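Everything on this sheet refers to the single structure shown next.
Every read-out reported here was derived from the displayed coordinates using simple, explicitly stated rules and does not represent laboratory data. As the structure is a prediction and not an experimental result, all values here were calculated from the model. Cβ sites come from the backbone with ideal geometry, for glycine too, and all protein chains shown count toward neighbours.
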Amino acid sequence: MVRVRQCKGILQKQEHLLWYFGVKEAMGKYILKRILIAIPVLVGITIIDYTIMCLAGSPLEMLQGPRVSEAAVEAKRIALGLDQPILVQYFVWLGELLQGNLGYSMKSFQPVSGMIGSHIGPTLLLMGVSLLVSLLLAVPAGIYSAIRQYSKGDYAVVTASFLGSSVPGFFLSLLLIYVFTVKLGWLPSSGMTTLGTQSGAADVARHMVMPVTVLAFSMAGSNIRYIRSAMLEILQQDYLRTARAKGIGRFRVINKHALRNALVPIITVIGMEIPMLFGGAVIIEQVFSWPGLGLMTMSAISNRDFPVIMGVCLLSAIVVLVANLVTDILYALVDPTIQLD
Amino acid sequence: MMLREIDRKFHEKGVPGRGQETNIGSESYLQTVSRRFRRHHLAAVSLIVLAVIVGAAILAPFIAPYDPNAIAGPFAEGPSKEFWLGTDQIGRDVLSRLLYATRVSLLVGVMATLISTVIGVLLGLVAGYFGGIADMIIMRFTDMVMSFPYILLVLVAAAVFKPGMWNIIWILGFVDWPGIARLVRGNVLNLRETNFVKGNIVAGMPLRHILFSEILPNTVAPILVYATSVLALSILDEAALSFLGQGVQPPASSLGNMLNGAQSLTVLTTQPWLWIPPGLLIVVVVMAINFIGDALRDALDPNSRR
């Protein structure tokens, strides 16, 4: 349990150490507990994942046709292990999974882990930059809006944030492509690099402008309102009233006392964004032909290539679980008043 | 606006209650809510806009100038007196299709929201009221569903169950509930400790009465607010799915699948009348719902003193 730090006389050092180890122990227990809760959730996720994929239908459907004999289909079925009971298939798959083997694509016969590995880079780049841009927009805007509550600026920011969370990403993408690619010809609308040229960082950056704008705009929409309301709550706290009463000036009150406490909502926002980025990127990557996981997943979905879909789903579910775990731990680190039981 | 300013000044001077309107005591709950709601001008305007759009969607069979699936004129012609929003590649009237599309999109949104609200409320009530093992199982299941990136789950499900309007409704309904379940569970946990619920338990009231007549009405306001955001999200998701060709299937039109054509360069560059109106309509509808939800949150807030 986190105790208020007390430093008194000779005992000061010991007390301090006691406090430190006490916190460390509590934190260790807390982290362990969170991980233990996450494990059954993870197992459940693999079961849901596998069930959905089994409902998806057999990949053999893709093979069937007038020129493929029944015997060949049957041979393929046995080769893929599809003649086993579902439970056995699940455990075979799970065993392989524990060895880091996500299976092979039904379409290209490449290992799924390798396919994910080669597509994850562009997605991480796109996600990372979008998250950064959205935070750079949302944090100052949200704080400004909270400090100037009910001002004209506040209304403008909140209205813009509603616009951000109401515009479908694909429609905004189409509008941007229409204006900046079709009409003005300023920006490339598809891919990550220009074909046939030496791809430099500047070229990639040019390709990123529009997808990042779309992702950051829609994320900033909900983030601004979240940070604004969290900040409004902080501004009403007693310790800020005390700080104001001491007469240390508005600027210092906000920058020194309020902003430090605003870290908690900002961490929450980042934690919430990571799963959304994973999903949101699917559509945006499709529209801009960004060669990442989303594009790969979409083509896997239309090909019914279920080892690939399952791999991506599992990976993203794990990312979400880890993101939630890290958010909870960061909470505990940033906010010493939080209860760790 | 004026009232709020005066209100604030009174509050800042530390005279609680003085800034409130004098008739507050004689006001019914609904009157208070409606007065607080109307203070949000954007929400009041949104309500009117939404009412017009919903009205047009419901009356589509009567006001649509043409049959939405019939070839009524020349191929891919721009807006004219005869066809206000032009015609699509096979000569169907865009305005008529837009009216029917709004109908489909709103229906998908409302039905999906209803389904997910019912599921979420039931699971949340059970988890919050009974606690223990039921709570643990339900909440872990909620965690599992929430761990999948939402749109990925919907896309996979749409690929598994053949795309189509009713399948989309069920899929969205079955994916959207975890937020509501958590919200209801949290509220029930608080309400269970209140004296009026304890009183009911002591009085030996039947469980059904406690759950649905005592606890549920006290948590309706946050559910309603949350449901508006689910509605907005469902409409956006239906649009995204249909845009990707995994949602409502042609010849039926939905706001999303009318934008599907814009993936081709010809439509995107030379026939903007085909994709800009449905896109704008999605933005207007979703934004109106979001504004209304925001104003409702404020108007239904029991701690608000204004």
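Using a Gaussian network model of chain B in which every pair of alpha carbons under 10 angstrom is joined by a spring, one finds that among B:Val94, B:Val220, B:Val110 the greatest mean-square fluctuation is at B:Val220.
Counting other Cβ atoms within 10 Å as a rough exposure proxy, the listed residues B:Met144, A:Met276, A:Met296, A:Met27 run A:Met27, A:Met276, B:Met144, A:Met296 from fewest neighbours to most.
If you run the Gaussian network model on chain B, springs between alpha carbon atoms under 10 Å, then out of B:Tyr100, B:Tyr226, B:Tyr29 the most flexible one is B:Tyr29. Across segment B:188-201, rounded Karplus estimates of 3J(HN,Hα) from the backbone phi angles (6.51 cos²θ - 1.76 cosθ + 1.60, θ = phi - 60°) give 5, 4, 5, 5, 4, 8, 7, 5, 5, 6, 4, x, 5, 5 Hz, Gly and Pro being marked x. For chain B, set up a Gaussian network in which alpha carbons nearer than 10 Å are linked by springs, and say which option among B:Leu106, B:Leu114, B:Leu172 fluctuates the most. Highest fluctuation of the listed residues: B:Leu114. Residues whose amide H lies under 5 Å from that of B:Val248, counting only those 5 or more places away or on a different chain, are B:Ser242; hydrogens are built 1.01 Å from N in the peptide plane. Close amide H pairs (under 5 Å, H built 1.01 Å from N) link B:Gly91 with B:Ala76, residues at least 5 positions away or on another chain.
Phi angles of segment A:261-272 translate, via the Karplus equation with coefficients 6.51, -1.76, 1.60 and θ = phi - 60°, into HN-Hα couplings of 6, 6, 4, 4, x, 5, 4, 4, 4, 4, x, 6 Hz per residue; Gly and Pro are given as x.
How far is helix B:29-38 tilted off the main Cα axis of chain B, in degrees rounded to 10, range 0 to 90? Approximately 50 degrees, to the nearest ten. Computed from backbone phi with θ = phi - 60° and the Karplus coefficients 6.51, -1.76 and 1.60, the 3J(HN,Hα) list for segment A:30-43 is 4, 5, 4, 5, 4, 5, 5, 5, 5, 5, x, 4, 5, 4 Hz; x is used for glycine and proline.
Between segment A:126-163 and segment B:181-250, the alpha-carbon centres lie 29 Å apart.
Taken about its Cα centre, segment B:84-149 carries a charge dipole of roughly 160 debye when the Cβ of each Lys and Arg holds +1 and the Cβ of each Asp and Glu holds -1. Close amide H contacts of A:Lys107 (hydrogens built in the peptide plane, cut-off under 5 Å, sequence separation of 5 or more or a different chain): none are found. Once the C-beta distance of A:Val88 and A:Ile329 is scaled by a Förster radius of 45 Å, the resulting FRET efficiency is 0.75 to the nearest 0.05.
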